[in-house]
Number of protein chains: 2
Amino acid sequence: MLSKKTKYAFHALSYLAENQERGAVLIQEIASNKNISHKFLENILLELKKAGILGSKKGKGGGYYLIKKPEEITLAKIIRLLNGPIAWLPCVSLNYYEKCSDCPDEATCNMHIIMCQVRDQTLGVVENKTLSDLIKQK
Amino acid sequence: MLSKKTKYAFHALSYLAENQERGAVLIQEIASNKNISHKFLENILLELKKAGILGSKKGKGGGYYLIKKPEEITLAKIIRLLNGPIAWLPCVSLNYYEKCSDCPDEATCNMHIIMCQVRDQTLGVVENKTLSDLIKQK
DNA sequence: CATTACCCTACAAAGTTGGTAGACTTTGCA
DNA sequence: TGCAAAGTCTACCAACTTTGTAGGGTAATG
């Protein structure tokens with residue numbers, strides 16, 4: 001299951017995408033509109049900024065804003081960033097790979113093969129869906 | 001990611017499937033062959049028994065054994081039992097459904113729609129793979 | 001100089017993970 | 001009848017993660 005952090009990130013990003021033309025948006029505005037704890041959201045937005053998805057401006061008229069087009073931000077990227085690996089096992093993860101101690105040979109391990117299928121099916125969706133798919137026809 | 005519990009369950013079930021003709025198998029035998037803590041495995045096997053997947057016999061010559069054919073035990077069933085929901089959000093879970101507080105209408109919530117796709121893609125694999133797929137050609 | 005993001009520490013309740021320990025019950029067999 | 005083997009049950013635990021709350025100080029900007 002996705003963590004609340006990840007869900008909140010999607011909500012916040014949707015809000016920013018919908019208000020993109022307005023420029024910088026206050027943390028507080030997002031928090032109260034999306035019903036997220038201000039302090040918790042602060043951390044989330046900071047992570048998104050460090051990942052190069054958001055920009056920020058301090059001082060009066062400051063806030064957060066998207067620095068990419070919504071079409072360029074895949075759901076997979078957000079999920080990996082805030083939720084961790086998409087794969088079910090470390091040994092089939094593309095971004096967080098770790099050898100599994102149990103299986104002697106990944107090429108012939110049936111578990112491995114099936115988990116790769118699951119991963120690919122999942123990625124087939126979230127690598128091809130972007131923030132813009134999230135805010136369509138609302 | 002799948003928990004160790006779930007991974008252990010797959011290992012144990014594979015072992016039991018491979019040794020099906022021998023009848024009851026000791027916890028200890030599975031534990032040492034698959035390198036799992038004996039006591040932890042005990043809990044896992046008990047859960048599998050309560051779920052109607054395994055049977056057990058006490059006393060001398062006792063142990064655990066499959067009470068279903070490997071082809072009848074889907075990976076989805078094991079994962080749901082030991083790992084919890086397969087869906088990424090409670091509001092798209094078939095077996096653990098819960099309404100999400102944030103979205104006003106599931107039919108028009110884009111998040112909801114995308115997460116349903118992810119779920120269906122995942123289920124497409126694990127509902128159609130069984131224990132017998134795990135032990136093939138070893 | 002007010003505003004706003006940034007950054008840090010600390011706390012905390014609740015839940016999950018990956019176990020450990022020990023007593024109890026049932027069973028098979030001699 | 002009695003013992004040993006084996007699963008069953010209850011309890012506990014340490015470490016970690018999650019989902020925050022609270023507060024304060026710093027830096028940039030208009």
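Identify, please: which residue in segment B:59-113 is small (Gly, Ala, Ser) and more than 9 Å from chain A (Cβ to nearest Cβ) and is, among those, nearest to the chain's Cα centre (by Cα)? So, considering only residues that are small (Gly, Ala, Ser) and more than 9 Å from chain A (Cβ to nearest Cβ), the one nearest to the chain's Cα centre (by Cα) is B:Ala76. When residues in segment A:116-138 are screened for being at the interface with another protein chain (Cβ under 7 Å from one of its Cβ atoms) and among the charged types (D, E, K, R), 3 of them pass.
For segment A:98-117, the set of residues classified as farther than 25 Å from B:Pro85 by Cβ and surrounded by fewer than 16 Cβ atoms within 10 Å (Cβ to Cβ) consists of A:Lys99, A:Ser101, A:Pro104, A:Asp105, A:Glu106, A:Ala107, A:Thr108, listed by residue number. Identify, please: which residue in segment B:87-97 is open to solvent by less than 20 Å² (accessible area, probe 1.4 Å) and assigned to a loop (DSSP other than H, G, I, E, B) and is, among those, nearest to B:Lys129 (Cα to Cα)? Within segment B:87-97, the match that is nearest to B:Lys129 (Cα to Cα) is B:Ala87. Considering (1) more than 14 Å from DNA strand D (Cβ to nearest atom); (2) touching a Pro at 6+ places or on another chain (Cβ under 6 Å); (3) part of a loop (DSSP other than H, G, I, E, B), the lone condition that A:Asp105 does not fulfil carries the number (2).
Given the structure, is A:Leu134 assigned to a helix (DSSP H, G or I) and out of contact with any helix residue (DSSP H, G or I) (no Cβ under 9 Å at 6 or more places or on another chain)? Judged against the criteria, A:Leu134 is not a match. Of the residues making up segment A:66-86, those that are open to solvent by 30 Å² or more (accessible area, probe 1.4 Å) and among the hydrophobic types (A, V, I, L, M, F, W, C) are A:Ile67, A:Leu81. Scanning segment B:6-53 for residues that are open to solvent by less than 10 Å² (accessible area, probe 1.4 Å), near DNA strand D (Cβ under 10 Å from one of its atoms) and either touching a residue at least 40 places away in the same chain (Cβ under 8 Å) or within 14 Å of chain A (Cβ to nearest Cβ) (or both) yields B:Val25, B:Ile30, B:Ala31, B:Leu41. The condition of being touching a helix residue (DSSP H, G or I) at 6+ places or on another chain (Cβ under 6 Å), free of Cβ contacts under 8 Å to residues at least 40 places away in the same chain and farther than 21 Å from B:Val125 by Cα holds for only one of A:Glu98, A:Glu106, A:Glu71, that being A:Glu98.
The values are calculated or read from the model by the stated rules, or taken from the named source; none is laboratory data. As the structure is a prediction and not an experimental result, all values here were calculated from the model. Please note: Cβ atoms are built from the backbone with ideal geometry, for glycine as well, and neighbour counts cover all protein chains shown. Keep in mind that these areas ignore ligands, DNA and RNA; they rest on the heavy atoms of the full protein, side chains included. Shrake-Rupley method; radii C 1.70, N 1.55, O 1.52, S 1.80 Å.
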